Amino acid sequence: MVKDILVLGAGIVGTCAALELQLRGHRVVLLDRRPPGEEASYGNAGIIQGEAVEPYAMPRDWRFLLDVLLRRNPDVNWHAGGVLAARSQLVRYWRASAPSSHRAISREYAGLIAHATREHARMLALADAEDLLRRDGLRFAYRTRRGLDDALLQARRVDSEFGVPYSALDSAGMAAAEPAFRTPLAGAVHWLGAWRITDPGALVQRYAQLFLRRGGRIVLGDANSLRSRGILWQARTADGLVEADLAVVALGASAEEFTRRLGYRWPLFTKRGYHRHYIGGGMLNVATLDAERGYVMAPQQRGLRITSGAEIARPDARPTPRQLRGAEKAARELLDLGQPVESQPWVGCRPCCADMKPIIGAAPRHRGLWMACGHGHQGFTLGPASARLLADLIEGGSPFTEAQAFSPMRFEASQ
């Protein structure tokens, strides 16, 4: 049966959800306060991480945690107010990161990640956006032999358990692969199944343009205006009142506040991140994580984009780009970085869930309300795959991959 569906949030997840539902014949309106692809979906490193079968766990080594506490570790920065606000979620994140729990979560998570590149490939072809795609993988580069040896052990295990292909580069191989590096590295793990997008915001916009060409509507409005009216959902927009049979919450970092107003106490929280582009210096051939310094260098249309690690802070807190400054310093040790493009770094929020899995499925206590949020570090990777799973569930058919692990119902016993 054809439905009128309102999708809240025009980031990668919401835009893909709107497009997928439209492709199946539904009448869809996409609502956001800004045009598609201008927030976190623009600010990431642009990597479709087909290799990321294990979600990023909270490190449990006491030396790492001490370095984080003392702000000596470049991977993580924190504000006291942000830690206090997210304290219960961070405790749950810590527990979920225990080895036995993380292994079980990874097995579930891998079932969705396994479809990431294939589902993007389908939408890329439909949107005529393949000019933005580079199938050249993602390198995890190491400065020390110990770091490289540990990474190779992990790579062999991940390949054995999940069938994720990689290649190993020694110091000479890395120097040949990336001649812009002027400092020798110990080597790298090259994950071959990752893809790179040269302009992440442009990809979301291409998907949105396809949605419009097929007759969809994109409207500016406030998601907080959503109300249930009988069997319908209504929201106020710049174009007037919109009514729909179903509503989909794909609000990224705003999903925590939105769902709390509805009475849900799901363990959602945000991690902030920063990026900046640099031109006039060396350029890499493949996106590279400087693994022992905690930042990514990705060749993009605007220049070499450097993205920082995670910052635990309130979304509206004053920007503190100390990680990005540290990343710039570390990058300049490796190559001629050139000059920054932007006068100020970009800052945005990653929408995370304490059990490291996205929330995809029907809201337990609101008829006709559906969720697609909490994707953490992998919203850009999982947008199309999450959209397909959501559409399968909305239509009541057999989901194309295991769905129960991502259902909002997993939190109901603790409410």
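Every number here is computed from the coordinates shown, using simple stated rules; none is lab data. Keep in mind that what you see is a predicted model, and the values were worked out from it rather than measured. So basically every Cβ, Gly included, is an ideal-geometry build from the backbone, and we count neighbours across all protein chains shown.
Once the convex hull of the alpha carbons of the range 199-250 is built, what does its volume come to per residue, in cubic angstrom?
Enclosed volume per residue, from the Cα hull, is 96 Å³.
As I understand it, the dipole of the chain uses +1 on the Cβ of Lys and Arg and -1 on the Cβ of Asp and Glu, about the Cα centre. Which of LEU251, VAL164, VAL53 lies farthest toward its positive end?
Farthest along the dipole direction, towards plus: LEU251.
Using amide H atoms built in the peptide plane, which far-off residues or other-chain residues are under 5 Å from ILE218 H to H?
LEU30
Can you work out the Karplus-derived ³J(HN,Hα) for every residue in the range 53-70? Use 6.51 cos²θ - 1.76 cosθ + 1.60 with θ = phi - 60°, whole Hz, and x for glycine or proline.
Along the range 53-70, the couplings run 6, 10, x, 6, 8, 6, x, 10, 6, 5, 5, 4, 5, 5, 5, 5, 4, 8 Hz.
I'd like the distance between the alpha-carbon centres of the range 153-213 and the range 1-69, rounded to an integer number of Å.
Taking the Cα centre of the range 1-69 as reference, the centre of the range 153-213 is 20 Å away.
Let me understand the range 73-113 better: what is its radius of gyration from the alpha carbons, and its Dmax, in angstrom?
Both quantities, over Cα of the range 73-113: 13.2, 36 Å.
Take the Cα coordinates of the range 26-145, assign each an equal point scatterer, and use the Debye formula without solvent to give log10 I(q)/I(0) at q = 0.15, 0.17 Å⁻¹.
Values, matching the q order: -1.09, -1.26.
Please list 368-375, 55-62, 311-318, 388-395 highest first by mean number of surrounding beta-carbon atoms within 10 Å per residue. Can you show the working numbers first?
Working: 368-375: 26.0, 55-62: 14.9, 311-318: 16.9, 388-395: 22.1.
Result, highest mean first: 368-375, 388-395, 311-318, 55-62.
Could you state the angle between the C-alpha long axis of helix 99-113 and the longest principal axis of the C-alpha atoms of the chain, as a value from 0 to 90 degrees rounded to the nearest 10?
Roughly 70 degrees between the two axes.
Give me, ordered by chain and number, the residues 5 or more places off ASN73 or on other chains with an amide H under 5 Å from its own placed amide H.
Result for ASN73 returns VAL68.
Can you give the Rg and Dmax of the range 228-326 based on its C-alpha atoms, in angstrom?
Reported Rg and Dmax, both Å: 19.8, 60.
What percent of all Cα-Cα pairs in the range 293-372 falls into each 5 Å bin, going from 0 up to the bin containing the maximum distance?
It works out to 3, 11, 18, 18, 14, 11, 9, 7, 5, 3, 1, 0, in whole percents.
When the Karplus curve 6.51 cos²θ - 1.76 cosθ + 1.60 is applied with θ = phi - 60°, which whole-Hz ³J(HN,Hα) does each residue of the range 83-96 get, with x for Gly and Pro?
Residue by residue, the range 83-96 yields 5, 4, 5, 9, 4, 5, 5, 5, 5, 5, 4, 4, 5, 5 Hz.
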